[in-house]
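Colleague: Dropping the structure in here first, questions after.
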Amino acid sequence: MKNIIVFLFIISIWSCKTSKPISRWDLIFKGPISSNQNPKLVSNENRTSKDSLNFVVIHGKYISGSKHVAILQDKNTKLYHWKEFHPNGKLKEKGLITKDNIFCVGTWEYYNENGKIDSIVDFDKKIKVSYFKAIKIAHQNGYKLPELEVDIEKIENKTYWQIRKWNMKNGSGNSTTLLIDTESGKIRKPKYEETLHY
């Protein structure tokens, strides 16, 4: 009985440890968006793009002619609906990526070469205040897509969603920025704002 109590005490201490803080790298999409990781299999010339009112549709093929990628870019949400295929035509992975800094958001599914699910990763569970929660908080504070630039910044050992809105005029302008704590959802303003000149 004494051993069981000691074991439960150790487990409770271990579970109370703070988890490693999230970093940009934990959420960044690792696959090829515009760069070609394997020129023997994939040719960037085999990509077609169709631009419609609120969407851009992109299809890419392997050199063999089979599907490589199918991407739907939503201009209003600034999200890529991403699908990549194995050279044999079977689905390899699918999920959502943000446009500006290519973060994976929501649930991603990964498949083996036989088309069977290999793993599922919910990127929203990697962080207490998910991308979608941060966008909602920003919207409630007057920051609305698609005019936003979203990133993750570490400031004073805390991690924040950086939601930036640019006010441009005659080739230059200033940003107004919200920093949303990825742990608590609390908002703070940065100490300085960015300036941009063309």
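The values are calculated or read from the model by the stated rules, or taken from the named source; none is laboratory data. What you are looking at is a predicted structure, and each value in this text was computed from that prediction instead of being measured. Positions of Cβ are backbone-derived with ideal geometry, glycine not excepted, and every protein chain shown enters the neighbour counts. In case anyone asks, the SASA skips ligands and DNA or RNA and just uses the protein heavy atoms, side chains included. Shrake-Rupley method; radii C 1.70, N 1.55, O 1.52, S 1.80 Å.
Colleague: If we scan segment 123-145, do we find a residue that is open to solvent by less than 50 Å² (accessible area, probe 1.4 Å), assigned to a strand (DSSP E or B), closer than 21 Å to LYS78 by Cβ and aliphatic (A, V, I, L, M)?
Modeller: no
Colleague: I've got another one for you. Looking at segment 152-163 only, could you name the residues that are open to solvent by less than 80 Å² (accessible area, probe 1.4 Å) and under 14 Å from SER23 (Cβ atoms)?
Modeller: ILE152, GLU153, ILE155, THR159, TYR160, TRP161, GLN162
Colleague: Give segment 80-102 a look and list any residue that's among the aliphatic types (A, V, I, L, M) and surrounded by 20 or more Cβ atoms within 10 Å (Cβ to Cβ), or say none.
Modeller: Hits for segment 80-102 are LEU96, ILE97.
Colleague: For segment 163-182, enumerate the residues that are out of contact with any Lys or Arg (no Cβ under 7 Å at 6 or more places or on another chain) and either free of Cβ contacts under 8 Å to residues at least 24 places away in the same chain or more than 22 Å from LYS78 (Cβ to Cβ) (or both).
Modeller: Scanning segment 163-182 gives LYS165, ASN167, LYS169, ASN170, GLY171, SER172, GLY173, ASN174.
Colleague: A further question follows. Within segment 183-190, does at least one residue satisfy the condition of being modelled with pLDDT under 90, of a type outside the set (Gly, Ala, Ser), under 23 Å from LEU79 (Cα atoms) and over 19 Å from the mean Cα position of the chain (by Cα)?
Modeller: Scanning segment 183-190 turns up no residue that is modelled with pLDDT under 90, of a type outside the set (Gly, Ala, Ser), under 23 Å from LEU79 (Cα atoms) and over 19 Å from the mean Cα position of the chain (by Cα).
Colleague: Answer with yes or no whether VAL69 is under 22 Å from LEU27 (Cα atoms) and at pLDDT 95 or above.
Modeller: No; evaluated as a whole, the condition is false for this residue.
Colleague: Going by what's in this entry, would TRP166 be described as among the hydrophobic types (A, V, I, L, M, F, W, C), assigned to a strand (DSSP E or B) and open to solvent by 50 Å² or more (accessible area, probe 1.4 Å)?
Modeller: Yes.
Colleague: Return yes when GLU156 is farther than 14 Å from ASP26 by Cα and in contact (Cβ under 8 Å) with a residue 12 or more places away in the chain and no when it is not.
Modeller: Answer is no for this residue.
Colleague: Could you list, in sequence order, the residues of segment 169-198 that are in a strand (DSSP E or B), small (Gly, Ala, Ser) and open to solvent by less than 30 Å² (accessible area, probe 1.4 Å)?
Modeller: Of everything in segment 169-198, those that are in a strand (DSSP E or B), small (Gly, Ala, Ser) and open to solvent by less than 30 Å² (accessible area, probe 1.4 Å) turn out to be GLY173, SER175.
Colleague: May I ask you to verify whether GLU149 is surrounded by 15 or more Cβ atoms within 10 Å (Cβ to Cβ) and of a type in the set (Asp, Glu)?
Modeller: yes
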